[in-house]
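Report on the following structure.
The values are calculated or read from the model by the stated rules, or taken from the named source; none is laboratory data. What you are looking at is a predicted structure, and each value in this text was computed from that prediction instead of being measured. As a convention, Cβ positions derive from the backbone with ideal geometry for all residues, glycine included, and neighbour counts pool all protein chains shown.
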C-alpha cells in the first residue's frame, strides 16, 4: 500500500470534530444539498471581504487611504453572489464607516499596514525585447498557504488555507482575519482557524477584525480583538494536529465514519443538511436520496489561485 496523502483546511478539521460523517458527505464525497435558499448573510460577508481586500491591497501599493477607498469601491461583486441592491448598499455603507474609523490611522497607530512579499518574475525588456529576471513586491493580502505538516513513509499531511491579511501595527507583525456578521457573535480566540494561522505564519499574535451589519451604529459595529499564542501552545497544537490528521486518515482507510447525532440540530439554527441521509439505513434508498436531493459542489480552494503564497 502506498503512502496516504491528506490535504485539509481549517473548516474541514472543524467539521470532522463536529461529526466525521458530515465531513465525509460534505468534503470527501463533495455533496451539497440542492436548495433554492439564498444565503444573504454569507454573500454579504463575501462582498465585504472583497471590498476590504482591494482597500488594503491599495494601501500596500502606496495609495493614500482616501484613494484606496475610492479604488475599492470599484470592486465588482464576486461571481456567484446574489444580493439585492439594498443588501449591496448596506455592505457599502458599512465599508464607508469602516474607512472613516480606521482610514485616518494609516499613517498613525490605528490601522494595520499590509506587508509585501518579494516574488521572482520574468519580464520582457521593452528596449531589447528580451526576457529579464526581476522581482515584484506583492501585498500580503488574501495570502494562500500550503503547509507541510508531517511526512513519513506512511503519510503526507498538508494544511492549506487563506489568510485575509498579514501586516504590521504599532511595530508588531500580526495576521488579521475579517469577520462580517449580521448578528453579533464573539468568536473563540483559540479556535482551530486561528491556531492554524499562527502556526503557518510563525506569528504568535493575530487580530479578529469584526464588522457587524446592524442598521444602527454602536461601539460593537467595528471591533478588533487581539489573539495571542505562546510558542509552547503552538508546539502542542502542531502535535495535536498531526494526531488529528492520523485519525482522519485511518477512518478513510476503514471507510466507516462515526455519526455524532448530537450535531444533527446544526449550528446557529441551521439543521445539518445531511441528517436525512444519516437517518436512512437502507443503502439503496440512501444513494437514491443523494441523487435526488444533492449535487456535487465546486471544490473551494481559492488559496491555490492566490497571487502569492506564504
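Could you please let me know if residue 145 is in contact with a strand residue (DSSP E or B) (Cβ under 8 Å, 6 or more places away or on another chain), in a strand (DSSP E or B) and under 14 Å from residue 114 (Cβ atoms)? Criteria not met by residue 145. Only one of the numbered conditions (1) out of contact with any helix residue (DSSP H, G or I) (no Cβ under 9 Å at 6 or more places or on another chain); (2) farther than 26 Å from residue 250 by Cβ; (3) free of Cβ contacts under 8 Å to residues at least 12 places away in the same chain is not met by residue 202, and that is (1). Please work out which residue is modelled with the lowest pLDDT, limiting yourself to the range 30-52 and to residues that are more than 12 Å from residue 87 (Cα to Cα) and in contact with a helix residue (DSSP H, G or I) (Cβ under 8 Å, 6 or more places away or on another chain). Among those residues, the one meeting the criterion is 34. Considering (1) closer than 29 Å to residue 58 by Cα; (2) assigned to a strand (DSSP E or B); (3) without any contact (Cβ under 8 Å) to a residue 24 or more places away in the chain, the lone condition that residue 219 does not fulfil carries the number (2).
Residues checked against (1) loosely packed, with under 12 Cβ neighbours inside 10 Å; (2) assigned to a strand (DSSP E or B); (3) in contact with a strand residue (DSSP E or B) (Cβ under 8 Å, 6 or more places away or on another chain):
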{"residue": "177", "(1), (2), (3)": "no, yes, yes"}
{"residue": "185", "(1), (2), (3)": "yes, no, no"}
{"residue": "200", "(1), (2), (3)": "no, no, yes"}
{"residue": "211", "(1), (2), (3)": "no, yes, yes"}
{"residue": "234", "(1), (2), (3)": "no, no, no"}
{"residue": "246", "(1), (2), (3)": "no, no, yes"}
{"residue": "249", "(1), (2), (3)": "no, no, yes"}
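Per the conditions (1) touching a residue at least 60 places away in the same chain (Cβ under 8 Å); (2) within 18 Å of residue 300 (Cβ to Cβ); (3) buried (at least 17 other Cβ atoms within 10 Å of the Cβ), the sole criterion not satisfied by residue 14 is (3). Within the range 270-298, restricting attention to residues that are within 18 Å of residue 14 (Cβ to Cβ) and surrounded by fewer than 15 Cβ atoms within 10 Å (Cβ to Cβ), the residue that is modelled with the lowest pLDDT is 270. Within the range 250-272, the set of residues being closer than 27 Å to residue 195 by Cβ and within 23 Å of the chain's Cα centre (by Cα) comprises 263, 266, 267, 268, 269, 270, 272.
Screening residue 96 on (1) under 24 Å from the mean Cα position of the chain (by Cα); (2) within 29 Å of residue 10 (Cβ to Cβ); (3) surrounded by fewer than 16 Cβ atoms within 10 Å (Cβ to Cβ) shows it passes everything except condition (2).
Is one or more of the residues making up the range 115-122 touching a residue at least 60 places away in the same chain (Cβ under 8 Å), farther than 20 Å from residue 42 by Cα and loosely packed, with under 10 Cβ neighbours inside 10 Å? No - not one qualifying residue is present in the range 115-122.
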